[in-house]
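What follows is a single structure, written as structure tokens, with notes after it.
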Amino acid sequence: MEPSFWHEKWQLQQIGFHLNQVNPFLVKYWPQLGLTENSEVFVPLCGKSLDMFYLAEQRHTVLGCELSAIAVEDFFTDNELAYQVTHIDDHAVFSADQVALYQGDIFTLPSSLTSSISGFYDRAALIAWPEEMRQQYVHALAALVPANVSGLLITLDYPQETLKGPPFAVSPTWIETYLTSYFNVELLECVDVLADNPRFVNKQVPWLNEAVYKLTRKS
Ligand SMILES: C[S@@+](CC[C@H](N)C(=O)[O-])C[C@H]1O[C@@H](n2cnc3c(N)ncnc32)[C@H](O)[C@@H]1O
């Protein structure tokens, strides 16, 4: 999607993707990555997700990237965290003790900033892109994740013709076709979450699978 699409969504607070709780898949599977305290974790297209709060609670240092200044400011103010703002190249950096959110375009985020990450977490980032832009995002993500670093990817899949994204459907076949040149991919769990998603039920989408994958950057 174009930046203007997301800026408008945040302006109008049309942020149905934002969860008021930590993602259960994150809580269930993050320990499998075996990261130590003080590890640096990258969260692409982070929004104001409470999942970053969970990662900080694990005593990780969180490095997020998010286009919207509204989202980034809300993350700190909603959670009553004092923050400072500095600038690095094209990005404004909003930071508190364990969290630094780079506000700007992921496509211009310098890979030097993520060179010391030990993990990453993609929830509603890959699936935010329409198919024609998705490979470009995967390429950018792969450039930002150093060799042998693992992360979690959470996707949704459903018959795309039944609903206009975002979120866009990403099938296991798409993952197999386009991610495996960059990442080793392991499916950890896949469940039908249709009943929990009224927007999809109302549009008579017949099924909706949420999947969590472990990705490890190939060297
Ligand atoms: C579907 S939301 C998911 C947010 C978050 N991951 C979550 O789980 O709540 C996608 C987010 O990506 C941001 N975004 C879109 N394009 C971006 C880009 N080129 N660079 C950085 N962030 C972007 C949007 O502003 C939006 O907050």
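On the basis of being hydroxyl-bearing (S, T, Y), open to solvent by 40 Å² or more (accessible area, probe 1.4 Å) and touching a strand residue (DSSP E or B) at 6+ places or on another chain (Cβ under 6 Å), does S181 make the cut? Judged against the criteria, S181 is not a match. Of all residues in region 90-122, exactly one satisfies the criterion of being within 13 Å of the ligand (Cβ to nearest atom), touching a strand residue (DSSP E or B) at 6+ places or on another chain (Cβ under 6 Å) and open to solvent by 30 Å² or more (accessible area, probe 1.4 Å), namely Q103.
Only a single item in (1) out of contact with any helix residue (DSSP H, G or I) (no Cβ under 8 Å at 6 or more places or on another chain); (2) open to solvent by 80 Å² or more (accessible area, probe 1.4 Å) is not met by V72, and it is number (2). A140 meets the stated requirement of being at pLDDT 95 or above and either within 20 Å of D51 (Cα to Cα) or within 14 Å of the chain's Cα centre (by Cα) (or both).
Scanning region 51-80 for residues that are within 9 Å of the ligand (Cβ to nearest atom) and outside any helix (DSSP H, G or I) returns G64, C65, E66, L67, S68. Taking the numbered list (1) away from the ligand (no atom under 13 Å from the Cβ); (2) surrounded by fewer than 19 Cβ atoms within 10 Å (Cβ to Cβ); (3) outside any strand (DSSP E or B) in turn, H87 passes all entries but (3).
In summary, P31 fulfils each of the numbered conditions (1) closer than 20 Å to L215 by Cα; (2) more than 14 Å from the ligand (Cβ to nearest atom); (3) surrounded by 12 or more Cβ atoms within 10 Å (Cβ to Cβ) with the single exception of condition (3).
Within region 34-49, being assigned to a loop (DSSP other than H, G, I, E, B), over 11 Å from the mean Cα position of the chain (by Cα) and either near the ligand (Cβ under 7 Å from one of its atoms) or closer than 14 Å to T114 by Cα (or both) holds for one residue alone: S39.
With respect to G165, determine if the residue is under 15 Å from L45 (Cβ atoms), in contact with a Pro (Cβ under 9 Å, 6 or more places away or on another chain) and surrounded by 15 or more Cβ atoms within 10 Å (Cβ to Cβ). In short, yes.
With respect to A195, determine if the residue is in contact (Cβ under 8 Å) with a residue 40 or more places away in the chain and either of a type in the set (A, V, I, L, M) or open to solvent by less than 40 Å² (accessible area, probe 1.4 Å) (or both).
no
The values are calculated or read from the model by the stated rules, or taken from the named source; none is laboratory data. Everything numeric in this text was worked out from a predicted model, so none of it was measured. Note that we place each Cβ from the backbone using ideal geometry, even for glycine, and neighbour counts take in every protein chain shown. Ligands, DNA and RNA are excluded from the accessible area calculation, which covers all protein heavy atoms including side chains. Shrake-Rupley method; radii C 1.70, N 1.55, O 1.52, S 1.80 Å.
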